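Single-structure report; data block below.
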Amino acid sequence: MKFDLKTPCKDCPFIKGSSTNITLAEGRIEEIVDDIRDGMTFTCHKTLEKPKREQQHCGGALIFLEKESRPNQMMRIAERIGVYDHRKLNMEADLIDNE
């Protein structure tokens with residue numbers, strides 16, 4: 001998995017009011033948030049069809065966790081080995097509330 005995305009796409013489930021966010025099953029975004037807080041990665045839906053090594057971690061999920069000052073273990077590992085830099089994220093993205 002790559003950690004290259006710096007901003008969420010317009011359909012990101014972490015963007016307030018995005019088409020994906022609105023159409024998710026009730027409670028699904030809370031499940032995703034719980035999973036990433038517990039250390040799971042979350043693949044960007046636009047890269048799911050790519051080979052595993054080309055898939056990207058969701059930019060919205062990265063920003064969401066960084067706004068909480070709670071990068072998960074994979075984010076911390078990726079940063080230590082130089083494949084992720086939290087300073088390059090678009091922290092101005094209009095994300096869902098950190099609940």
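See the values below:
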{"quantity": "Convex hull of the range 33-84 built on C-alpha atoms - directionally averaged projected area, nm²", "calculated": "3.6"}
{"quantity": "Given charges at Cβ of Lys, Arg, Asp, Glu: the chain dipole, positive-most of 17, 63, 78", "calculated": "78"}
{"quantity": "The chain: translational diffusion in µm²/s, Stokes-Einstein, Kirkwood Rh over Cα pairs, 37 °C, 0.692 mPa s", "calculated": "244"}
{"quantity": "Cleavage-rule hits, trypsin sites (Lys or Arg not before Pro), the range 9-99, DSSP coil, Cβ neighbours within 10 Å at most 10", "calculated": "10"}
{"quantity": "The range 1-65: GluC sites (Glu not before Pro) falling in loop per DSSP and having at most 10 other Cβ within 10 Å", "calculated": "26, 49"}
{"quantity": "Within a Gaussian network of the chain (alpha carbon springs, distance under 10 Å), most fluctuating of 11, 38, 85", "calculated": "38"}
{"quantity": "Entries in 2/46; 16/88; 16/67; 46/67 that, when Cα-Cα distance is taken, lie over 19 Å", "calculated": "16/88; 46/67"}
{"quantity": "FRET efficiency estimate (nearest 0.05) - Cβ-Cβ, residue 48 to residue 83, R0 22 angstrom", "calculated": "0.65"}
{"quantity": "Other-chain or far-sequence residues with amide H under 5 Å of residue 43's (modelled H)", "calculated": "58"}
{"quantity": "Shape box of the range 11-56 [Cα atoms, principal axes, largest first, Å]", "calculated": "30, 25, 15"}
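Bear in mind that the values in this text are calculations on the coordinates, not laboratory data. If you're wondering where the values come from, they're calculated on a predicted model, not measured in any experiment. As a convention, Cβ positions derive from the backbone with ideal geometry for all residues, glycine included, and neighbour counts pool all protein chains shown.
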